[in-house]
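Take a look at the structure set out below.
What follows is calculated from the coordinates using simple rules that are stated; it is not laboratory data. The structure presented is a predicted model; accordingly, all values stated were derived computationally and were not measured. All Cβ positions, even for glycine, are placed from backbone atoms using ideal geometry, and neighbour counts span all protein chains on display.
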Amino acid sequence: MSKRIVIVGGGPAGTQLARALDDVADVTLIEPRSHFVHAPAMIRTLVTPELLERALIPYGAYLKRGRHLRGKAVAVDEGGVTLDDGSRVEGDVIVIATGSENATPFKPKGADIEAFRAEVARVHGMLEAARSVAIVGAGAVGTELAGEIAHFMPEKAVTLISDQPSLFPDKPARFGRALAKKLQAAGVKLVFGARAENLESLSEPYAGRLRLTNGEEIEADLIFPTIGSRAVTDLLDALPGVEKVSANRVKVDPWLRPSSLPNVFAVGDIADTGDGMSIISLSRQVPWLAKTLKAVLKGRAVESLKPYAKWKNAPILVPLGPEKGNTFLGGLTLGDWATSRMKGRGLFLARRRKELAAD
Ligand SMILES: Cc1cc2nc3c(=O)[nH]c(=O)nc-3n(C[C@H](O)[C@H](O)[C@H](O)COP(=O)(O)OP(=O)(O)OC[C@H]3O[C@@H](n4cnc5c(N)ncnc54)[C@H](O)[C@@H]3O)c2cc1C
């Protein structure tokens, strides 16, 4: 009889892992949402809301042997997972991939996809009506948002505010400089080295006046807080030895185990692997975990296997609308053509829909 693997969370981490293990184990994936939310397309849905219907991907028959179970996990133990309807899914190995939340409307809060559709429509309406937009936080989401608005709604006055000295300071300076130049050419005002002292919400867009630490005041019809994701880790709270670190992620041992339970693993945004919270990092984490779990299923001791090593200098693709942007890949900074072909035009949507057997 195949060993049973229970995966909690049907985001990119959970679904990719489920597919990778489908032919070697009895896989059950637990996910409460009716649709997969394709985050890389969510920024553009704000400026072109008709994209939302393709970016919310109904889960198709993406597993050949395994099952996709609609439900919310409320407790985890060494023997399996308990769902909110009281039922149990027993497992030999349990993987937690409950991911993260972000500001409205970049990711849903909770499982209600209808409520999320309404949020995207509401904020799109606010954006259409706004003449001035301030974006607080210039990570990938803030930078892309500035670029998308500048491309699709060039009449808006957009200000992007960062407390860092430049864009993407952890990458070679050339990368951030190239993006900054393109944003400025598109009319975006960039403010570096300043924090918003009076941000009213960390998760909801609103109209108001920002007071910056450099003394500047910025009045905007719409202020987007884009200050990063926060991991959804409540399911792990009751497990022995769990420790939270920055962004509410959980500390993991070298084999991505978040507690003293030897058969419970964590992957994706939830796990403090040393990687950033990105889908790109899953292209390293998921194959590693799939290989590790295959060996574990064959009886190998976890500690005898090669530990996970974080991705140093991981790539990042930052489109500014469908045609422009920059990519950091293999130590190189690539420009508009490569960024547009690799991400800007299609936003990886066709590939993800195919993987989930939605088309
Ligand atoms: C706007 C935006 C754009 C982004 N664009 C990119 C990009 O272009 N490239 C890139 O590399 N990264 C991008 N990211 C980051 C990327 O989205 C995340 O790193 C990725 O989604 C993490 O995947 P995950 O599976 O760990 O978590 P998530 O995608 O958050 O998925 C977690 C899943 O777990 C489910 N879940 C939660 N709690 C429970 C529970 N109790 N029981 C069962 N299921 C549960 C949730 O419903 C959800 O489906 C972007 C993020 C944002 C916010």
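As an exercise, identify the GluC sites (Glu not before Pro) in the stretch 107-186 lying in DSSP coil whose Cβ has no more than 10 other Cβ atoms within 10 Å.
Listed in order of number, the matching sites are Glu155.
Once Lys and Arg get +1 and Asp and Glu get -1 on their Cβ, which of Pro154, Ala231, Ala20 lies farthest toward the positive end of the dipole of the chain?
Positive-end residue among those listed: Ala20.
Where does the chain land at 222 nm, in deg cm²/dmol rounded to the nearest 500, when only DSSP H runs of n ≥ 4 count, each adding -39500 (n - 2.57), divided by all residues?
Helix contribution divided over all residues of the chain: -7500 deg cm²/dmol.
Taking all pairs of distinct Cα atoms, average 1/r, flip it, and tell me the Kirkwood hydrodynamic radius of the chain in Å to one decimal place.
After inverting the pairwise mean of 1/r, the radius is 21.3 Å.
Taking a 24 Å limit on the Cα-Cα distance, which of the listed pairs Lys156/Lys324; Lys109/Lys306; Lys182/Lys343 fall beyond it?
Check vs 24 Å cut-off fails for Lys109/Lys306.
Take peptides 219-225, 254-260, 304-310 and line them up by average Cβ neighbours within 10 Å, highest first, as a rough protection proxy.
Output ranking for 219-225, 254-260, 304-310: 219-225, 254-260, 304-310.
Need one number: % antiparallel among DSSP beta bridges in the chain, to the nearest 5.
Close to 45 percent.
Please build a GNM for the chain, connecting alpha carbons under 10 Å apart, and tell me which residue among Leu190, Leu212, Leu332 fluctuates the most.
Largest GNM mean-square fluctuation: Leu332.
Find the relative contact order for the chain and round it to a whole percent, using C-alpha pairs within less than 8 Å whose residues are 6+ positions apart.
18 percent
Using a Gaussian network model of the chain with C-alpha springs under 10 Å, which one of Gly110, Gly268, Gly321 is most mobile by mean-square fluctuation?
Most flexible of the set in this elastic network: Gly110.
Can you name the helices of the chain, as whole DSSP H runs, whose Cα span along the helix axis is 20 Å or more and whose Kyte-Doolittle mean is not below 1.6?
none
Quote to one decimal, in nm, the extra length available between Arg351 and Glu217 on full extension: 0.36 nm per residue of separation minus the C-alpha distance between them.
That works out to 43.9 nm of additional length.
Points 7 angstrom from Cα along the Cβ direction at Ala309 and Arg67: gap in nanometres?
4.0 nm
With +1 on each Lys and Arg Cβ and -1 on each Asp and Glu Cβ, how big is the dipole of the stretch 203-359 about its Cα centre, in debye rounded to the nearest 20?
The calculation lands at about 980 debye.
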